[in-house]
Every structure is written in structure tokens, then in C-alpha cells.
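Worksheet: the structure to be examined is printed underneath.
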Amino acid sequence: MQYIEAAQFFDLRELFGRPARESKRLVLRTNENERTGSYLIFRLSEPVSRLPGTAEFRLEVVSSAQPEHRQFTFTLPSDLPKTRYVYLGLTDEPWSFESTKVLAWHLEILTPRGGTMASAASFLWSMP
């Protein structure tokens with residue numbers, strides 16, 4: 001879990017009106033227009049490009065701002081990079097504030113039919 005400011009995603013190509021290149025990581029955000037926020041960073045055992053294009057990441061979190069868990073679904077873009085690093089960004093309020101912390105999380109990679117291909121969770125997720 002890492003809080004990242006928008007400027008840390010700045011790409012020199014943007015100075016020339018070109019889109020940012022995220023070649024060394026796949027970055028998915030709850031608000032694509034906002035870069036600042038809390039990011040959970042995962043390293044997959046296989047490159048992201050091997051996932052089916054219609055797979056989804058489903059992330060559930062418990063935060064310091066809200067006692068009940070929240071669920072977010074991230075859809076993969078059509079052109080998948082060959083990286084193993086996935087940044088799942090919670091970039092809506094209250095996540096855009098550095099003071100909001102993720103206390104526990106659970107991630108699933110879902111198949112196009114809704115089945116689970118892989119899952120992982122923090123230690124605290126399994127606590128009552």
C-alpha cells in the first residue's frame with residue numbers, strides 16, 4: 001500500500017501533448033482522471049498480457065475512513081503490457097487524502113464468466 005502523488009506518474013511525453021506511457025506497470029484507477037491516491041501494488045506470477053482481455057480485478061478494502069468494507073472492480077484495457085506489476089489506485093475521495101489508510105484488503109482476479117482465477121488477501125482480512 002502506497003500513497004502516490006499525481007506528479008510521481010508524470011511522463012516527459014506529456015510535455016509534448018502525448019499520452020503518458022505506463023510500460024513498466026499496469027495502472028488502473030477508480031477515477032481515471034485523478035492520479036493522486038492510495039495504490040495497492042501487486043506483482044503477478046505471470047505477465048499481465050497473459051490474462052484474458054475481459055478479466056477483471058475485484059478489490060475489497062477496509063479503510064481508516066470507513067469501518068465497512070468497500071468493493072471496487074477494475075476492468076483491463078484492451079492493450080495489456082508485458083509487465084507483472086499492477087497498481088490498483090483508489091483515487092476518489094476519501095482515498096485522495098494521504099491520511100486515509102487501507103487497513104485490510106482482499107483481491108480477486110476474475111474470469112470473463114465471474115470465476116476466480118487467483119486471489120490474495122492481507123493478514124487482517126482474515127481476522128474477525
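The values are calculated or read from the model by the stated rules, or taken from the named source; none is laboratory data. Everything numeric here is computed off the predicted structure, so don't read it as measured data. Cβ atoms come from the backbone with ideal geometry, glycine included; neighbour counts cover every protein chain shown. Ligands, DNA and RNA are stripped out before the accessible areas are found, and what is left, the full protein with its side chains, is counted by its heavy atoms. Shrake-Rupley method; radii C 1.70, N 1.55, O 1.52, S 1.80 Å.
Side notes on the structure shown:
- Members of segment 11-44 that are at pLDDT below 75 and open to solvent by less than 60 Å² (accessible area, probe 1.4 Å): Asp11, Arg13, Glu14, Ala20, Glu22
- Filter result for the condition that a residue is closer than 25 Å to Phe123 by Cβ and more than 15 Å from the chain's Cα centre (by Cα), over Ser38, Ser45: Ser45
- Checking Thr91, Thr75, Thr116 one by one, the residue that is of a type in the set (S, T, N, Q), under 16 Å from the mean Cα position of the chain (by Cα) and modelled with pLDDT of 90 or more is Thr75 and no other.
- Scanning segment 42-73 for residues that are in contact (Cβ under 8 Å) with a residue 24 or more places away in the chain, within 17 Å of Thr111 (Cα to Cα) and not in a strand (DSSP E or B) yields Leu44, Ser45, Glu46, Pro47, Val48, Ser49, Leu51, Pro52, Gly53, Thr54, Ala55.
- Segment 78-96: number of residues that are free of Cβ contacts under 8 Å to residues at least 12 places away in the same chain and within 16 Å of Thr30 (Cβ to Cβ): 1
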